[in-house]
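Have a look at the structure below before the remarks.
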Amino acid sequence: MEIKDLIIDDRQKGIFRVHRSSMTSTDLFQREQEQIFSRCWIYLGHESEVENPGDYRRRTVAGRPLFFARGRDGQVRVFLNSCPHRGALICRRDEGNADVLQCFYHAWSFNTNGELIGVPDEEAYGPNFDRSELGLKEPPRVESYRGFHFVCFSPAAEDLVTYLAGAREYLDLIVDQSEAGMRVVRGSNKYTMKANWKLLVENSLDGYHLVPTHQTYLDYITSLGADDSGQTVANRIVGKAKALGNGHCVIESPVRSGRPIAHWHPLFGEEAKEPIAEVRQRLVDKFGEERAFRMADTSRNLIIYPNLVINDIMAITVRHFEPIAPDDMEVTAWHLVPREEPAAMLETRLDSFLTFLGPGGFATPDDVEALESCQIGFRATETEWSDISRGMLRPARSTDELQMRGFWRQWHANMQGLSKTNVQDAPVEEMEPELALATDD
Amino acid sequence: MTTASKPTLREQVEDFLFREAALLDDWRLDEWVDLFTEDGRYVVPTTDLPDGDPKRDLVFIDDDITRLRARAVRLNSRHAHREYPWSRTRRFVSNVRVQESGNGELAVSSNVLVYRFRAGEGAPYVGSIDYILRRNDTGFQIKYRRAVLDLESLSWHGAVSIIF
């Protein structure tokens, strides 16, 4: 099958289908590595993970071993984790603090600016041996936006802010919730799914699966009195879905229960009422009622194409996934919190995170099961197509699938060697500008 | 003929831990939850931060008795999809050490290996479980149960979907 035929996208009839070989083929997997992961901006890490000079973190990004470090000058730099001498890993711990990183193989040493500062028996090399040419190599492009650091392996790529397109505003909506800036708390969720990475993109922005897949979670929060929305499958508050350009997409919904940022709920306790009201007032004063409403009273699930998900829901999770094989990915999820939040509110946030999110929570294990189940189902190759056409002929709701189509359209364009595409559905009647309360069918 | 001697403290604790392991392997989760005190807690730190503190750090699991009961309800239902149909597990508990910590409480540590089999796959969870046990009339109750995984990530199982 030719790449152009992998997706059926009939915007008039409202039919959108993805050929399942896109999630099983090793050839297409290899092509993704070249056309997407070696060309797009890929998330690396958050500035707060290297708070102090000398702090470093090791990561695998787009298949490459990397590490990033804060130099003595306060600058964050990113390095390919491979000795320029003969290739061994320079950074062999996941995190730490160092002035000097020494390769264990032949003891070449480097400072946190990446400069080669020590070579044993250097006199054995000829006069043309130039230390300055043998520093640690950096990815071709490294940029950050409001604390989120990205790398790109294509020297000619557009700058990060242009690349982020409409997703930039959503990052602002999250970062602006804090006066003092966001930080990643210690501890991360590292888990593997034996499923194609694009299934996790779909799943991370899938409002439709919430009720059927996560019934045990909904039962639990209902039993606590946390979900006071009175929602059922037939009567459910839904929000909007948007394609933000360049494959980035979002669903945005009115909050179901409490949000630690400025949407109080009885579950948080009476003592939290006053501080939360103060935070909400600060947001209104600073950003106006409309924007404060979005920050405090709506939740959002955001995909930054291709493989970063930020869910600003009952807690803020930053989820990055590395494709390993067509049927294998490594997931890392972090928890982002406002720096200034008092200890009691942080506890509430951590608690909210654990209940739903994470591989020990009441929901994520069932997502793992769903995705692995799909991947096994794909072995029935006679069922060739997956259907992603929900809501294609109406203003897209958060329980529709526009956000997945936006992702897939960009994927399809990239796989054909195109960088830009129209990720939107065909124009439909304008929805109300504010989030509408709608009855889902 | 040998005379039955009174079991040592460690043997008593081991008997308790073996019974706990059997309840979990037999999926008798309501009875397992009943082993906990009303102020009991079950914590599983993340694989990258074994000393994680649930008050400040991200952990996998931090259940008080309310959430622990809800976890049992969930796992007993047909809607905990990762565990329905149930996985088969077999637990091995060893290297049990016991310290009296006064006021009727015991600090216990153990090594634990849980093999889990499901959907054609099998893999172990390996780690240590530390307890604070409280004595009662019939034996012991669990006040605190901290299960620390030695795994570097959840690469085999994708989740902590059973009780570790």
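The values are calculated or read from the model by the stated rules, or taken from the named source; none is laboratory data. Owing to the predicted nature of the structure, the values given are computational and were not obtained by experimental measurement. Glycine gets a Cβ as well: all are built from the backbone with ideal geometry, and neighbour counts include every protein chain shown.
A:Val161 meets all of the listed conditions (1) more than 23 Å from A:Leu66 (Cα to Cα); (2) assigned to a helix (DSSP H, G or I) but one, namely (1). For segment A:118-148, a residue qualifies if it is among the small types (Gly, Ala, Ser) and in contact (Cβ under 8 Å) with a residue 12 or more places away in the chain, and the qualifying residues are A:Gly118, A:Ser132, A:Gly135, A:Ser144, A:Gly147.
Here is the figure for segment A:182-207: residues that are away from chain B (no Cβ under 13 Å), over 15 Å from the mean Cα position of the chain (by Cα) and at pLDDT 95 or above total 2. Where strands (runs of 3 or more DSSP E) fall entirely within segment A:258-366, those with at least 1 residues that are within 30 Å of A:Ile36 (Cα to Cα) and away from every other protein chain (no Cβ under 14 Å) are at A:298-304, A:308-312, A:316-325. Of the residues that sit in segment B:65-91 and are under 18 Å from B:Ala147 (Cα atoms) and touching a residue at least 60 places away in the same chain (Cβ under 8 Å), which one is farthest from the other protein chains (Cβ to nearest Cβ)? Top of the filtered list is B:Arg90. Scanning segment A:367-395 for residues that are touching a strand residue (DSSP E or B) at 6+ places or on another chain (Cβ under 9 Å), farther than 20 Å from B:Ile162 by Cβ and within 14 Å of chain B (Cβ to nearest Cβ), we see that the one that is surrounded by the fewest Cβ atoms within 10 Å (Cβ to Cβ) is A:Cys374. On inspection, A:Ser82 qualifies as in contact (Cβ under 8 Å) with a residue 12 or more places away in the chain, within 29 Å of A:Tyr125 (Cβ to Cβ) and over 23 Å from the mean Cα position of the chain (by Cα). Just one of the numbered conditions (1) in a loop (DSSP other than H, G, I, E, B); (2) within 22 Å of the chain's Cα centre (by Cα); (3) more than 14 Å from chain B (Cβ to nearest Cβ) is not true of A:Gln403: (1).
Among the residues making up segment A:21-71, a single one is assigned to a helix (DSSP H, G or I), of a type in the set (A, V, I, L, M) and farther than 30 Å from A:Ser386 by Cβ: A:Val50.
Determine, yes or no, whether A:Val238 is more than 14 Å from every other protein chain (Cβ to nearest Cβ), β-branched (Val, Ile, Thr) and under 16 Å from A:Tyr43 (Cα atoms). When the stated conditions are applied, A:Val238 does not pass them.
Restricting segment A:19-52 to residues that are under 19 Å from A:Gln410 (Cβ atoms) and of a type in the set (A, V, I, L, M), the residue that is surrounded by the most Cβ atoms within 10 Å (Cβ to Cβ) is A:Ile42. Taking segment A:133-162 as the search range and keeping residues that are under 27 Å from A:Val184 (Cα atoms) and among the polar types (S, T, N, Q), which one is surrounded by the fewest Cβ atoms within 10 Å (Cβ to Cβ)? Applying the filter and picking the extreme gives A:Thr162. Take the conditions closer than 23 Å to A:Leu346 by Cβ and part of a strand (DSSP E or B) and apply them to B:Phe60. Does it pass? So B:Phe60 fits the description; yes.
Yes or no: A:Val184 in contact with a Lys or Arg (Cβ under 9 Å, 6 or more places away or on another chain) and of a type in the set (Val, Ile, Thr)? Criteria not met by A:Val184.
Inspect segment B:14-35 for any residue being within 12 Å of another protein chain (Cβ to nearest Cβ), under 21 Å from B:Asn111 (Cα atoms) and in contact with a strand residue (DSSP E or B) (Cβ under 6 Å, 6 or more places away or on another chain) and give the result as yes or no. Within segment B:14-35, none of the residues are within 12 Å of another protein chain (Cβ to nearest Cβ), under 21 Å from B:Asn111 (Cα atoms) and in contact with a strand residue (DSSP E or B) (Cβ under 6 Å, 6 or more places away or on another chain). Residues in segment A:85-117 that are among the small types (Gly, Ala, Ser), part of a loop (DSSP other than H, G, I, E, B) and in contact (Cβ under 8 Å) with a residue 40 or more places away in the chain: A:Ala98 alone. Within segment A:107-132, if we keep just the residues that are loosely packed, with under 10 Cβ neighbours inside 10 Å and among the acidic types (Asp, Glu), the residue that is farthest from the chain's Cα centre (by Cα) turns out to be A:Glu123.
Could you tell me which of the residues B:Asp62, B:Asp48, B:Asp53 is at pLDDT 95 or above, at the interface with another protein chain (Cβ under 7 Å from one of its Cβ atoms) and surrounded by fewer than 21 Cβ atoms within 10 Å (Cβ to Cβ)?
Just one listed residue meets the conditions, B:Asp48.
Does A:Pro306 count as over 30 Å from A:Trp264 (Cβ atoms), crowded, with 23+ Cβ neighbours inside 10 Å and either in contact (Cβ under 8 Å) with a residue 60 or more places away in the chain or not assigned by TED's automatic domain parsing to the domain that holds A:Gly181 (or both)? So A:Pro306 passes the test.
Residues to consider are B:Ile142, B:Ile132; find the one that is crowded, with 20+ Cβ neighbours inside 10 Å and in contact (Cβ under 8 Å) with a residue 12 or more places away in the chain. Only one candidate qualifies: B:Ile142.
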